[in-house]
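This report concerns only the one structure given below.
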Amino acid sequence: MKNNRIYVVMVSITSVIFLAALTSSFSSLLSSLQPDHKPFYAFAQTQENAALSLSNLIKQGAPYQGSTSAPVTLIDFSDLQCHLCDRFVKATEPIVNSTYVQTGKVAFIFLHLPNRGFDSFPAALAAQCTNDQGKFWQYHNLLYKNQGPIDSGWANRDNLKKFASEIPGLDLQRFNSCFDSQKYKPLVENDLTLAHSLGFTQTPSFIIVKSDGSNPQKVEGPQPFPEFKFLIDKEFAGP
């Protein structure tokens, strides 16, 4: 009986020591995780803000409309073959433009998310080449005006060059050189990477942010103007 009692006491003491060590280790793990994650999260947020800032997007070569000192930015991720993008361009964008962009309140940025078909990527390259000569929005509107079924040939390489020839004042030799060399392939790929990092896979998708890239709000699909108005006004009122 005496030996049994000694054995039970020893087991109890061992269990207590083990539990104390386990609790101490768990507490140490929690305390070590908390301070390490906070700086990383802050760094990630800072990086995201920088990527979405108006000055950075313009510096990277993104086509834009409006004032570079506008306090709010509306970023449009679109595909020039996308029918829903065409709906936004014709139904909602003109109201956003007249209400916010032309009044200097919002800068409107176009980024490429060419994932609707095989001709979408070349169309993005062609459009970006017209931006070199300050003709992006004319080309953008011309493509949407002539948009046909996806990959039906309306946006093949020959037609993309033909549309460029219809833009008054566009230097075709310079455009063709830019387009044929795929000069802006890295830029379009960077736009795709940014879109995917934000969780966007469909077009059109939008981000509404302050000019420094902070306080991002997402909009997916060709929402009507009241939806954009609500979120833009919320951006003005936000922190």
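Read-outs: derived from the displayed coordinates by stated rules, not from any lab. Note that the structure is a prediction, hence the values are computed from the model and not measured. With ideal geometry, Cβ positions are generated from the backbone for all residues, glycine too; neighbour counts draw on all protein chains shown.
Overview of results
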quantity: Gain upon complete extension [Leu84, Ser69; 0.36 nm per residue less C-alpha separation]; calculated: 2.4 nm
quantity: Given Lys135/Lys161; Lys145/Lys185; Lys162/Lys185, the pairs whose alpha carbons are separated by over 22 Å; calculated: Lys145/Lys185
quantity: Burial order of peptide ranges 87-98, 166-177 (average beta-carbon count within 10 Å, highest first); calculated: 87-98, 166-177
quantity: Segments 57-63, 130-136 sorted - mean Cβ within 10 Å per residue, highest first; calculated: 130-136, 57-63
quantity: Residues of type lysines that Lys234 reaches as a straight line, Cα spacing below 26 Å, ignoring anything fewer than 8 places off in the same chain; calculated: Lys90, Lys105, Lys210, Lys218
